[in-house]
Amino acid sequence: MSFLDQLKNKFAKKDSNSDRYLDGYKKTRKSFGEKLGSIFRAFDGLTDEFLEELMVTLLESDVGVQTSEKIVDMVQTEGKDRFIRNADDVIECLVEQMDKLYDKNSIPAIKYNENGPTVILVVGVNGVGKTTSIAKLANYYLKQGKKVCTAAGDTFRAGAVIQLEEWSRRLDIPCIKGKENADPASVMVDACRFAKENNIDILLADTAGRLQNKANLMKELEKMYRVIGKEIPSAPHETWLVIDSTTGQNGLHQAGVFFETTKVSGIVLTKLDGTAKGGIVLSIRDQLHLPVRFVGLGETMDDLQPFDIDDFLYSIAQGVDDVG
Ligand SMILES: Nc1nc2c(ncn2[C@@H]2O[C@H](COP(=O)(O)OP(=O)(O)OP(=O)(O)O)[C@@H](O)[C@H]2O)c(=O)[nH]1
Ligand SMILES: [Mg+2]
């Protein structure tokens, strides 16, 4: 069975979420798929011209320069070893190389605390979707029967605490907060104690949108990280950096500073529904060596989905078929 058929079968077996995926990746699927479709239709062997067009298409879908070069090289090398006759063979080969590059088998499972609350710290620059992603994550874990609470660690922006409180109220879960302008580290201490005392499974901690050049804010984040670890050994168990996919490769550049202060263990990639730049998932994996844990595919509560590279690749391949 071809690799694409395997993806298709896997996708067909999925629950009702398949439509949500296809819908959420609509723009990427259409744009990426359409461009690939048109170069594949004109396919006349793995010529320099073809490889160049492939490179441009990858760049336009925000795969990033280094990662695009890598993929084009992989396709070229692989193409030498197998019989590539037509457009179907190329798409098969390309998708397979992307899958290889993402290397999902080497991604560790999300770390959950077996002896108490799991603390998930959510970081990222302004407006990327941290607070709404926390609400969606809370909804996700509630549906799995977990006991969830939130911590309003963004004491910096006016209205941030109220925003998280309101989401928590709607989800009927506790939200631990401090006074406005309170030290966010003290909010984290309170939240960790609350979580321990109330047998919370998942504590989702919000933080302020920090500009990477604000050294004092980064210090604040470092302190939060430290006090959480004092309250609950091994916490935070996960630190997820939220990246807004519509900002493209800039989002990746923002990431570096967060690595210096916290041990970022995964990415939440938001607003994929609003962009054709979905190729960023490949550069995140390749350049940051981090897994994309969840993707934001829309604004409703159920629009944050665990990321699955196979679904993503299948959606793209489908985009090629749609126009092919
Ligand atoms: N379409 C779409 N919109 C999203 C998604 N995720 C977040 N948003 C929107 O992005 C906007 C900003 O979201 P917030 O959650 O407030 O972002 P934040 O990172 O907490 O922002 P600050 O607290 O200011 O740093 C809101 O209007 C959200 O509805 C997504 O996956 N898709
Ligand atoms: Mg926020």
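Loop-resident chymotrypsin sites (Phe, Trp or Tyr not before Pro) (DSSP state other than H, G, I, E or B) in the stretch 1-108 with no more than 10 further Cβ atoms inside 10 Å of their Cβ: Phe83.
Model label sites at Gln76 and Arg157, defined 7 Å from Cα along the beta-carbon direction, differ in position by 4.3 nm. Under 5 Å from the amide H of Leu304 lie the amide H atoms of Leu297, each residue being 5 or more positions distant or on a separate chain, with H modelled from the backbone and absent for Pro and chain starts.
At a Cα cut-off below 21 Å, give the lysines reachable from Lys100, other chains included and same-chain residues fewer than 8 away excluded. Result set, ordered by chain and number: Lys8, Lys10, Lys70, Lys80, Lys277.
Each of Ser61, Ser31 was scored by other Cβ atoms within 10 Å of its Cβ. Listed from fewest to most, they are Ser31, Ser61. Rounded to the nearest 0.05, the FRET efficiency derived from the C-beta distance between Lys223 and Thr47 at R0 = 41 Å is 0.15. Close amide H partners of Gly266, meaning residues 5 or more places away or on another chain with modelled amide H under 5 Å apart, are Thr239, Leu241. Need one word for the chain: rounded, prolate or oblate. Basis is the Cα gyration tensor (sqrt eigenvalues a ≥ b ≥ c); a/c below 1.5 gives rounded, then a/b vs b/c decides. In terms of gyration-tensor shape, prolate.
Across the chain, the mean sequence separation of Cα contacts (distance under 8 Å, 6 or more residues apart), normalised by length, yields a relative contact order of 28 percent. Helical content of the chain, expressed as a calculated mean residue ellipticity at 222 nm, amounts to -16500 deg cm²/dmol (DSSP H runs of 4 or more residues, -39,500 (n - 2.57) each, divided by residue number, nearest 500).
Just so you know, all these numbers are worked out from the coordinates, no wet-lab data involved. Note that the structure is predicted; figures quoted are calculated from it, not measured. So basically every Cβ, Gly included, is an ideal-geometry build from the backbone, and we count neighbours across all protein chains shown.
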